[in-house]
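Everything on this sheet refers to the single structure shown next.
The values are calculated or read from the model by the stated rules, or taken from the named source; none is laboratory data. Treat the numbers as computed from the prediction; the structure is a model and nothing was measured. Cβ atoms come from the backbone with ideal geometry, glycine included; neighbour counts cover every protein chain shown.
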Ligand code: AMP
């Protein structure tokens, strides 16, 4: 399946994408993770992206679309993928349509994770990521690791994202409303969107997502 996951920062996209991708045996492609990997490796792409990310702004489209296109061209994405954090505006959504159309394929569905705004801020403040693999996501209250500061999945060190501060989160939410929400309407017009409530336990939300995708498959 070829799926896009959308939702505000803190909706649990990374957490859900990690589990869903495993369940569906497709790669989890997160542009945020790709940027963070570039930053930690000190690449020119990482250097360019860092300033935008720290400010909670979108990295310019040419850079982001080029990076996503390269990743989608890798062999493991040939039979499906779960996109997390891309596309994030209409320009990127249309570019993705073109990239897929070049291979004669299209998206199967868009999962929209819905979460109230006050919950978003609470979630982000306690979020911790693994240094080895950014898709291993924990929360100090809601999804605490067995040992504080250590990833349950691989033993990696847990850290707080540089852009998970309150002022950056406010910018990211603003950007989400103005830039990203319009893509939900764009995809809804193509009949691709299923909105699921992202409140509750991680595995409850995963179950809702799996059920929604199952229905898409049968449609
Ligand atoms: P995320 O991990 O998806 O929350 O992304 C973290 C940050 O990376 C965002 O706030 C943006 O600065 C940048 N970023 C990730 N994906 C994109 C994208 N598709 N377009 C532009 N910037 C992005």
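Observations
- From 157, 181, 153, residue being touching a strand residue (DSSP E or B) at 6+ places or on another chain (Cβ under 9 Å), free of Cβ contacts under 8 Å to residues at least 40 places away in the same chain and exposed (fewer than 13 other Cβ atoms within 10 Å of the Cβ): 157
- Residue match in the stretch 92-103 (condition: within 9 Å of the ligand (Cβ to nearest atom), in contact (Cβ under 8 Å) with a residue 12 or more places away in the chain, under 16 Å from the mean Cα position of the chain (by Cα) and surrounded by 14 or more Cβ atoms within 10 Å (Cβ to Cβ)): yes
- Among the residues of the stretch 184-204, those that are in contact with a strand residue (DSSP E or B) (Cβ under 7 Å, 6 or more places away or on another chain), modelled with pLDDT of 95 or more and more than 16 Å from the ligand (Cβ to nearest atom) comprise 192, 193, 194, 195, 196, 197.
- Count of the stretch 143-180 residues which are within 14 Å of the ligand (Cβ to nearest atom) and assigned to a helix (DSSP H, G or I): 14
- If you go through the stretch 24-45 and keep only what is more than 11 Å from the ligand (Cβ to nearest atom) and either outside any helix (DSSP H, G or I) or more than 29 Å from residue 206 (Cα to Cα) (or both), you end up with 25, 26, 27, 28, 40, 41, 42, 43, 44, 45.
- Residue in the stretch 55-67 that is more than 11 Å from the ligand (Cβ to nearest atom) and over 25 Å from residue 171 (Cβ atoms) present: no
- Residue match in the stretch 73-88 (condition: more than 18 Å from residue 134 (Cα to Cα) and crowded, with 20+ Cβ neighbours inside 10 Å): yes
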